[in-house]
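Notes to accompany the following structure.
The values are calculated or read from the model by the stated rules, or taken from the named source; none is laboratory data. Note that the structure is a prediction, hence the values are computed from the model and not measured. Don't worry about glycine lacking a Cβ; one is built from the backbone with ideal geometry, like all the others, and counts go over all protein chains shown.
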Amino acid sequence: MADKPKSCPRAPVAVRQKPSFAKWSKSFLSELAATSNVTASARKAGVTTATAYDARRANPEFNRAWQRALCEGYDHLEMELLHRLRTGEVKPVAGAKRGTRAFDNATAFRLLAAHRDSAARQRAIQSNEDAEKIVLAINAKLEGMRRRMLAAASEPQGVTIAGQVSDERREP
């Protein structure tokens, strides 16, 4: 008979508890806002990316929080890029002891074009708010005029609003 390997009792495998949604989602969203990276965020939260995506599909509030975190992450990324575009990057030069500062003008122009659109949208929103104030002011003035006309129509003819007798011989 062949020798059977003796079965040795195995040490109990530690079953890793899956963190609760409340715990991992907070960590996940925080990392997502910092990195805009779903894989890194899931790793930091101790869950798989599939778990994160499943939760996003199943929970509309989590989906909205996910979108807000991504927007925040992209804002951070954009600010970092803006800083790099404004200050340039120090790049080594062959044979030189110090590098030279280089600017990526093409990317800067593309980012400027994108900002021009968002700035125009923001100005349109602001002017729309101003337009609403203007319409309210016009409506208030029209209402005042309507009240004065109704008051004038209800007064006896020949007497003006100021209480003076009008001159009927005057041509209008």
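If V47 passes every condition in (1) closer than 29 Å to K26 by Cα; (2) assigned to a helix (DSSP H, G or I); (3) not basic (K, R) but one, which one does it miss?
Every listed condition holds for V47 apart from (2).
Check region 86-106 and report whether any residue there is modelled with pLDDT of 70 or more, exposed (fewer than 10 other Cβ atoms within 10 Å of the Cβ), in a helix (DSSP H, G or I) and over 33 Å from the mean Cα position of the chain (by Cα).
no
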